[in-house]
């Protein structure tokens, strides 16, 4: 019976809106590449110690710092193309038919200054297009501004996203929100929205009393129609109502939110059931499947086991996700098994 359930979860058509491409590397790819960069992995434990987070970290900052080992491997267009290609194929194997991959050009280029933004983006696009040619999956790319970098960097990234709006579908703001106010980035998001890009913003992830206010700022000042994470609004009934009334969609990530200690204690403490039952539009995602050793089927198993989500509720959340996707309706219609309309 368990195997039947797992098989049905894998074959369930899924939409993923929140997957970071730079942190979607296969373990086998990491193990192959690491020695080329003088990273010795003599056994499985050394691999996990360097590249995988399996236990709750002290805070989000600690998690972000551990990303740097993976970053070092993103060293050439050939590697980037491979990473994108494999990430798309892996998602397809998990039942994903509509996939939005996001990445920060500044993160990939850091320590790899021989590659400019366009070289990086072209390599990722090439890998995704190869995968789309091999299997029925619709892939779109979201450009990330790193909020921890100078505002001038955000201007460069925004210019780059708008110049490539034929291959970018949205603009995002990511990294540690604690101490990095989103409001100074408002002009860049206004420009992106005017250029036709969608807006999704990481907000309400960190476990702080002020976190639900970060979600409101993302909506009010940056024009976000989707929020990366956003789970901390469960603390604030008024904010739940605010998000629900505006049809803002949350991109929830179970394993990530547990490991970053967005909630403490057990997986069953995740407030996703509370948000769903309150009428908030929620979607389920992996965030960083490589570094968190997860995939979307595993995330669904967690939601089923710990929070009692049913197949019908998963289908409902996937319909929410497909309607909220920034990928064109025409492209989605070729791979999604049901007719969709814009929100």
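The values are calculated or read from the model by the stated rules, or taken from the named source; none is laboratory data. Treat the numbers as computed from the prediction; the structure is a model and nothing was measured. Cβ placement follows ideal geometry from the backbone for every residue including glycine, while neighbour counts extend to all protein chains displayed.
What number of residues in the stretch 301-329 are under 21 Å from residue 265 (Cβ atoms) and either in contact (Cβ under 8 Å) with a residue 60 or more places away in the chain or not in a loop (DSSP other than H, G, I, E, B) (or both)?
7
If the requirement is being more than 23 Å from residue 255 (Cα to Cα) and at pLDDT 95 or above, which of these qualifies: 203, 174, 224?
Just one listed residue meets the conditions, 224.
Which one is nearest to residue 336 (Cα to Cα), of the residues in the stretch 76-130 that are in a loop (DSSP other than H, G, I, E, B) and in contact (Cβ under 8 Å) with a residue 12 or more places away in the chain?
Per the stated criteria, the residue is 95.
Quick one: would you say residue 162 is in a strand (DSSP E or B) and at pLDDT 95 or above?
no
Quick grid of which residues meet (1) part of a strand (DSSP E or B); (2) in contact with a helix residue (DSSP H, G or I) (Cβ under 8 Å, 6 or more places away or on another chain); (3) surrounded by fewer than 15 Cβ atoms within 10 Å (Cβ to Cβ):
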residue: 166; (1), (2), (3): no, no, yes
residue: 177; (1), (2), (3): no, yes, no
residue: 185; (1), (2), (3): no, yes, no
residue: 191; (1), (2), (3): no, yes, no
residue: 199; (1), (2), (3): yes, yes, no
residue: 209; (1), (2), (3): no, yes, yes
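Quick check on the stretch 11-29. Is at least one of its residues over 24 Å from residue 300 (Cα atoms) and either modelled with pLDDT of 95 or more or in a helix (DSSP H, G or I) (or both)?
Yes.
When the residues of the stretch 211-228 are narrowed to those that are without any contact (Cβ under 8 Å) to a residue 60 or more places away in the chain and under 23 Å from residue 322 (Cβ atoms), which ends up surrounded by the fewest Cβ atoms within 10 Å (Cβ to Cβ)?
Out of the qualifying residues, it is 223.
On the basis of being over 25 Å from residue 177 (Cα atoms), modelled with pLDDT of 95 or more, part of a helix (DSSP H, G or I) and over 19 Å from the mean Cα position of the chain (by Cα), does residue 273 make the cut?
no
Mind telling me which of the residues 104, 91, 84 ends up being within 17 Å of residue 143 (Cα to Cα), at pLDDT 95 or above, surrounded by 20 or more Cβ atoms within 10 Å (Cβ to Cβ) and touching a strand residue (DSSP E or B) at 6+ places or on another chain (Cβ under 6 Å)?
After ruling out the rest, the residue left standing is 104.
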